[in-house]
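Report on the structure given below.
The values are calculated or read from the model by the stated rules, or taken from the named source; none is laboratory data. Not measured: the values here are computed from a predicted model. To get the accessible areas, we keep the full protein, side chains included, count just its heavy atoms, and leave off ligands, DNA and RNA. Shrake-Rupley method; radii C 1.70, N 1.55, O 1.52, S 1.80 Å.
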Amino acid sequence: MLEPVNIKYTNPLYGQLIVGPPGSGKTTYCHHASKFYKELGRRIGIVNLDPGNENMENKAEVDVMDLITVEDVMDTMRLGPNGALMYCTEFLEEHMDNWLLPALNKAVALGSNYFLFDCPGQIELYTHHASMSHIFERLQKEGYHLVTVNLIDSHYCSEPSKFVSTLLMALNMMLRMGLPHVNVLSKADLLKQHEHNLKFNLDFYTDVLDLKYLLEALDDSPSSKKYKKLNAAICSIVEDYSLVSFQLLNVRSTESLLRLRNHIDKANGYIYKAGEEQSVNTMMACVVSAETETTKQSKDFEPYIPHE
């Protein structure tokens with residue numbers, strides 16, 4: 001877990017650490033979020049920390065593939081993809097001072113002060129390995145106000161067993177990273193395709209409501225009966241911590257990006273700083289908890305699955 005850092009920031013830098021399983025839409029989110037934030041007047045820089053990411057939609061100001069790639073490590077070290085990725089991550093950690101931080105400082109000198117970090121998708125790097133958390137901790141010490149944005153494909157809501165795994169993964173990452181954290185159900189615009197498989201209303205999944213109902217849905221599946229006690233224990237842990245909740249995201253919707261921005265800006269403290277956040281109206285817009293249930297329903301859920 002990251003240790004608290006007490007530093008006075010004379011020129012605050014901000015960053016979103018975009019994590020999540022492979023295929024959850026991290027790079028796509030970086031692409032759309034970059035355009036969205038630039039339209040708001042923010043000085044955005046994209047940082048690719050995934051040494052296996054060959055599908056960047058935007059040119060990154062800082063790209064770890066200029067330092068090391070998974071493919072090269074697999075060829076030279078004769079490692080598999082996962083082992084090569086861990087090696088690359090450890091290599092990046094070792095070269096923070098002579099590569100990553102100077103590259104970021106160069107981007108800052110060119111005008112960027114808000115960074116989108118496109119991180120590797122292997123969850124083990126955050127749940128069982130320390131290098132990524134060490135990198136994040138060092139960035140924090142260097143003056144970056146960070147928030148972890150954990151993207152998870154919303155189709156996991158359609159299968160109770162997968163959603164239980166999602167809850168445990170999200171909680172594990174929140175505790176190990178020790179940073180402000182926003183969990184996001186990505187590709188929410190595709191939820192209508194899975195609507196017939198959803199056992200509950202969307203607010204059950206976003207607010208992580210009484211999980212005993214989820215356990216009852218699990219018990220209907222013969223393959224999950226033998227894991228009944230384990231699933232009950234997992235749900236109990238998630239409820240005891242009461243930390244996990246989700247925001248819905250459609251990256252092609254400005255309204256959806258705006259609502260997610262409100263949560264992220266509160267998490268990393270950007271609402272108290274510069275630019276468009278200085279107006280009282282905008283700061284009040286971030287107080288989404290003050291919305292009525294009807295307003296929340298119409299803005300958060302109905303764009304994806306109309307409320308009957």
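Suppose all protein chains stay in the model; what accessible area per residue would a 1.4 Å probe give for the range 147-249, in Å²?
Solvent-accessible surface per residue comes out at 47 Å².
Can you send over the solvent-accessible area of residue 61, 1.4 Å probe, protein chains only, in Å² to the nearest 10?
90 Å²
Find the centroid of the Cα atoms in the range 130-153 and in the range 185-255, then give the distance between the two in whole Å.
That distance is 26 Å.
Give the accessible area for residue 166 in Å² (nearest 10); use a 1.4 Å probe, count only protein heavy atoms, and leave out ligands, DNA and RNA.
Counting only protein heavy atoms, the figure is 10 Å².
Of the heavy-atom accessible surface of the range 65-184 (probe 1.4 angstrom), what whole percent is carbon and sulfur?
50 percent
Check which residues have an amide H placed less than 5 Å from residue 52's amide H, if you skip close sequence neighbours.
Long-range HN contacts for residue 52: 70.
So, taking all protein chains as they sit and a 1.4 Å probe, how much accessible area belongs to residue 176, in Å² rounded to tens?
90 Å²
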